[in-house]
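A.B. asks: Once you've had a glance at the structure underneath, I'll fire off some questions.
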Amino acid sequence: MNIKKTIREQVTTDDVLTLDDLAKLANYSLMNTLNCDPEAKANGADHEPRQVFSGHYVPVTPTPMSEPEYVVHSKDFFRELGFADSMAQSPDFVKMFSGDISRVPQPMRNVGWASGYALSIYGTEYIQQCPFQTGNGYGDGRALSVLEAVIKGRRWEMQLKGAGRTPYCRGADGRAVLRSSIREFLAQEHMHSLGVPTSRSLSLYVSKTEKVNRPWYSEGSRSMDPDKLILEPVAISTRVAPSFIRVGQLELFARRARKNEHPKAMEELETIVLHLIDREYSDVIEHSLPTAEKLLLLANEFRSSLTSLVANWIRVGFCQGNFNSDNCAAGGFTLDYGPFGFVDAFNPYFQSWTGGGQHFSFLNQPVAAQRNFDMFCSALRPLLASQQNYLQQLDEIQRDFSTVMQAQMQNMWATKLGLGTFHPKLFSELQRLMAQTPVDYTMFFRELSAVPDDITPLKKSFYRNSEEMEQRWSEWLTTWQSLIGSANIAAPISREELSKQMKLVNPKYSLREWFVVPAYQQANAGNYSLVRELQEVMTQPYAEQSQEVEDKYYRLKPQEFFELGGLSHYSCSS
């Protein structure tokens, strides 16, 4: 079944004004075409941890929040979908997207679904963190998809995060708290506005009465680990993507196929891979091709999208933090905003998550991506086992990942620097200077985008300074100025035009954690104004905004904020 062809046949130009309008667009491709866990309960009453041995999904009903209250919705995404803004606060919409789908209008379904996946960390398979020591307990522990819909010719899957327990909850409560939900909501909005492929934010609701205990940091704590339990409001956010298929999902079915764990293991692997192609790649992979050819094209396309994604992360100063294979979307976009962070003072080993180590640090993300791509290719191999020629071609695609990644990175750095080609010597000295000064990553490149005559504007981004560093910076800037002049001889452009081009790739604003902390602290007390203000500012990251906004959000991180637990680092996202 070609899902995207079906989508084109269902294009609608009508605006979605009510939940009844949205219901008419429902189209559950995953549940209609993939295998349900044969041990699942049809009514979705499946909220206790258990092993799931086969099937692509488990039907699960979300657990509604008590007394939901509106916090924020994505006005931009509502506009793209043709949704009326008034829907976000309408009772039936609030009810559904705070976890109560018991009486949704038909043909919507009153059962959602959760999916399992395997865990690989930096290219190593793990099963021991699963409570059953088998790997059959990993999956969507607190994320539940509740709707697939074809809207304006595109398929979207809508997933509630924090909607209660599933068979994959591993004993946890299945809830998310307002703090982490605000972080993810704002980050998805911001990343999309930066031009980085990402899951999207739809809505965010908080319970007026339901709270849960979470480990977190005392005020002023410099501990690496949380030092106390705090009671936090429960929240449910809705994230949206063409699909939520992860590399770890493909791995799960490949492991089962390699071990022949059940009679349908190989068939289930092939089905999920072909479903991924239909959901994410059918515009570039012809439906009528033999499966083996599709798999090679899939590997090529995913390699292209993944390398481009990671280069974009580094372009905007984003560090994913926990780039396991289960946090790597097979569609090639950013997924799972847990311990992410945006670089303040430049450090190639920047990492907000205390458990991430250097292997998930800022400038090691290309290598982490390669490890995930290795696991992706490994998952395809059982389907090509009898076709040596295709296996060899897959191996070649896999081997060339680092070459493609390097080309993406060099092109990205050249573009950030306003150059037609990458200059290794210039960049090496720049990286040393940025780390030794250090500079504020976002502010430095934005000030450089003004194409300054001397280093005076660049000094706005310096966290420390000395005469020696100023001299080295002046020498570097002189070299850079000579290169941008020679780079444009064939097609000369003015300094103003070059500045304009550079400002399109070097944002002025990034979502620093020290901006987000006061927003969720106020929200915990019922004041959502700062959340909405951040949403407004961070969805225009390249724009020159008001002087008031600039004074507040375009500045160096205060020295006293460095090393603070829950602000400069954190061990969990909750």
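A.B. asks: Report the semi-axes of the equivalent ellipsoid for the range 281-359 in whole Å, largest first, where each axis is √(5λ) for an eigenvalue λ of the Cα gyration tensor.
C.D. replies: Equivalent ellipsoid of the range 281-359: 31, 12, 9 Å, largest first.
A.B. asks: A further question on this structure: Please say if the range 322-424 is rounded, prolate or oblate, where rounded means a/c under 1.5 for a ≥ b ≥ c the square roots of the C-alpha gyration tensor eigenvalues, and otherwise the choice is prolate for a/b larger than b/c and oblate otherwise?
C.D. replies: Oblate is the answer for the range 322-424, as a/c is 1.5 or above yet b/c matches or exceeds a/b.
A.B. asks: Here is a further query. Over 31 Å between C-alpha atoms is what I'm after, so list which of 24/259; 264/294; 161/416; 95/228; 41/228 land there.
C.D. replies: Over 31 Å apart, Cα to Cα: 24/259; 161/416; 95/228; 41/228.
A.B. asks: Identify, among 515, 439, 456, the residue whose Cα sits farthest towards the positive end of the charge dipole of the range 433-574, taking +1 on the Cβ of Lys and Arg and -1 on the Cβ of Asp and Glu, with the dipole about the Cα centre.
C.D. replies: 515
A.B. asks: In addition: I need two numbers for the range 52-137: Rg to one decimal and Dmax as a whole number, Cα atoms only, in Å.
C.D. replies: My reading of the Cα-based Rg and Dmax gives 18.1, 48 Å.
A.B. asks: Another one. Given 393, 414, 368, which one lies farthest toward the positive end of the charge dipole of the chain, if we put +1 on the Cβ of every Lys and Arg and -1 on the Cβ of every Asp and Glu?
C.D. replies: Towards the positive end, the residue furthest out is 393.
A.B. asks: Could you look at the chain and say what percent of its accessible area is carbon and sulfur, using a 1.4 Å probe and all protein chains?
C.D. replies: 48
A.B. asks: In percent, what relative contact order does the range 427-466 have, based on Cα pairs under 8 Å that are 6 or more apart in sequence?
C.D. replies: Details: 27 pairs, mean separation 19.3, N = 40.
In percent, rounded to a whole number, it is 48.
A.B. asks: Ratio of Rg to Rh for the chain, alpha carbon only, Kirkwood?
C.D. replies: Expressed as Rg/Rh, it is 0.97.
A.B. asks: If you place +1 on the Cβ of every Lys and Arg, -1 on the Cβ of every Asp and Glu, and leave all else neutral, what size is the dipole of the range 96-163 about its Cα centre, to the nearest 20 Debye? Intermediate values should be presented prior to the final figure.
C.D. replies: Numbers: 7 positive and 5 negative charges, 67 e Å.
In total the dipole reaches around 320 debye.
A.B. asks: Any idea what the dipole of the chain comes to, in debye rounded to 20, about its Cα centre with Lys/Arg Cβ at +1 and Asp/Glu Cβ at -1?
C.D. replies: 500
A.B. asks: Across 10 Å bins from 0, what is the distribution of all Cα-Cα pair distances for the range 530-574, in whole percents?
C.D. replies: So the P(r) values, bin by bin, are 21, 38, 36, 5.
A.B. asks: Could you work out how far apart the two model spin labels at residue 386 and residue 347 are, taking each label as a point 7 Å from the Cα in the direction of the beta carbon, and quote it in nm?
C.D. replies: My value for the distance between the label points is 5.4 nm.
A.B. asks: Would you check the accessible area of residue 476, probe 1.4 Å, heavy atoms only, in square angstrom rounded to 10?
C.D. replies: Residue 476 has an accessible surface of roughly 10 Å² with all protein chains in place.
A.B. asks: Keeping every protein chain present and rolling a 1.4 Å probe, give me the accessible area per residue for the range 247-334 in Å².
C.D. replies: 29
A.B. asks: Students sometimes get this wrong: rank 31, 96 by accessible area, probe 1.4 Å, all chains present, largest first.
C.D. replies: Solvent-accessible surface, decreasing: 31, 96.
A.B. asks: Over the range 135-212, what per residue volume does the convex hull of the Cα atoms give, in whole Å³?
C.D. replies: Details: hull volume 10.3 nm³, N = 78.
Hull volume over Cα atoms, normalised by residue count, gives 132 Å³.
A.B. asks: Taking square-rooted eigenvalues a ≥ b ≥ c of the alpha carbon gyration tensor, is the range 379-536 rounded, prolate or oblate, where a/c under 1.5 means rounded and, failing that, a/b exceeding b/c means prolate?
C.D. replies: Oblate shape, in that a/c is at least 1.5 and b/c is the bigger or equal ratio.
A.B. asks: Evaluate the Debye formula for the range 54-203 with equal point scatterers sitting on the alpha carbons, no solvent, and hand back log10 of I(q)/I(0) at q = 0.20 Å⁻¹, in q order, two decimals.
C.D. replies: Debye output, listed in q order: -1.40.
A.B. asks: Over the C-alpha atoms of the range 273-327, what are the Rg and the largest Cα-to-Cα span, Dmax, in Å?
C.D. replies: Values for the range 273-327 (Cα only, Rg and Dmax): 13.7, 41 Å.
A.B. asks: Report, to the nearest 10°, how far helix 529-538 tilts away from the longest principal axis of the Cα atoms in the chain, using its own Cα long axis and a range of 0 to 90°.
C.D. replies: Its long axis makes an angle of about 70 degrees.
A.B. asks: Using only Cα atoms and rounding to the nearest 10 degrees, what angle (0 to 90) does helix 424-436 make with the longest principal axis of the chain?
C.D. replies: 90
A.B. asks: What accessible surface, in Å², does a 1.4 Å probe find on residue 390, ignoring ligands, DNA and RNA and rounding to the nearest 10?
C.D. replies: Near enough 50 Å² of accessible area.
A.B. asks: For the range 407-491, evaluate the Debye formula with one uniform point scatterer on each Cα (no solvent term) and list log10 I(q)/I(0) at q = 0.22 Å⁻¹, rounded to two decimals.
C.D. replies: Reported log10 I(q)/I(0), two decimals: -1.13.
A.B. asks: Can you give the Kirkwood hydrodynamic radius for the range 94-144, in Å, rounded to one decimal and based on Cα pairs?
C.D. replies: 13.3
A.B. asks: Same structure, new question: Please check the chain for the longest run free of trypsin sites (Lys or Arg not before Pro) that are loop-located per DSSP (anything but H, G, I, E, B) and have at most 10 other Cβ atoms within 10 Å.
C.D. replies: On the way: sites that count: 103, 464.
Answer from the scan: 104-463.
A.B. asks: OK, next. Taking N as the number of residues in the range 8-83, what is its alpha-carbon radius of gyration divided by 2.2 N^0.38 Å?
C.D. replies: The range 8-83 yields a ratio of 1.49.
A.B. asks: Just how much of residue 198 is accessible, in Å², when a 1.4 Å probe is used and the result is rounded to the nearest 10?
C.D. replies: The value for residue 198 is about 20 Å².
A.B. asks: In terms of Cα to Cα distance under 15 Å, which aspartates and glutamates are near enough to residue 460, apart from those fewer than 8 places away along the same chain?
C.D. replies: 344, 440, 447, 470, 550, 551
A.B. asks: Let me ask you something else. Please compute the alpha carbon radius of gyration of the range 177-285, then divide it by the globular-protein estimate 2.2 N^0.38 Å. Two decimals is fine.
C.D. replies: Dividing the Cα Rg of the range 177-285 by 2.2 N^0.38 Å gives 1.52.
A.B. asks: In percent, how large is the relative contact order of the chain, given Cα pairs closer than 8 Å and 6 or more residues apart?
C.D. replies: 15
A.B. asks: Then there is this: Positive end of the dipole of the range 227-377, charges at C-beta (+1 Lys, Arg; -1 Asp, Glu), about the Cα centre: which of 333, 345, 291 has its Cα farthest in that direction?
C.D. replies: 345
A.B. asks: With charges set only on the Cβ (+1 for Lys and Arg, -1 for Asp and Glu), what does the dipole of the range 410-547 come to about its Cα centre, in debye to the nearest 20?
C.D. replies: 280
A.B. asks: Could you work out [θ]222 nm for the chain from helices alone, using -39500 (n - 2.57) per DSSP H run of at least four and dividing by all its residues? Round to the nearest 500 deg cm²/dmol.
C.D. replies: -12000 deg cm²/dmol
A.B. asks: Roughly what percent of Cα-Cα pairs across the range 120-256 reach past 24 Å? Could the numbers behind the result be given before it?
C.D. replies: On the way: 4125 of 9316 pairs.
That tail contains 44 percent of the Cα-Cα pairs.
A.B. asks: Binning at 10 Å from 0, report for the range 214-351 what percent of all alpha-carbon pair distances ends up in each bin.
C.D. replies: 10, 29, 29, 20, 10, 2, 0
The values are calculated or read from the model by the stated rules, or taken from the named source; none is laboratory data. Predicted model, so just to flag it, every value in this text is computed and none were measured. Glycine also receives a Cβ, built like all others from the backbone with ideal geometry; neighbour counts cover every protein chain displayed. Only protein heavy atoms, including side chains, enter the accessible area calculation; ligands, DNA and RNA are left aside. Shrake-Rupley method; radii C 1.70, N 1.55, O 1.52, S 1.80 Å.
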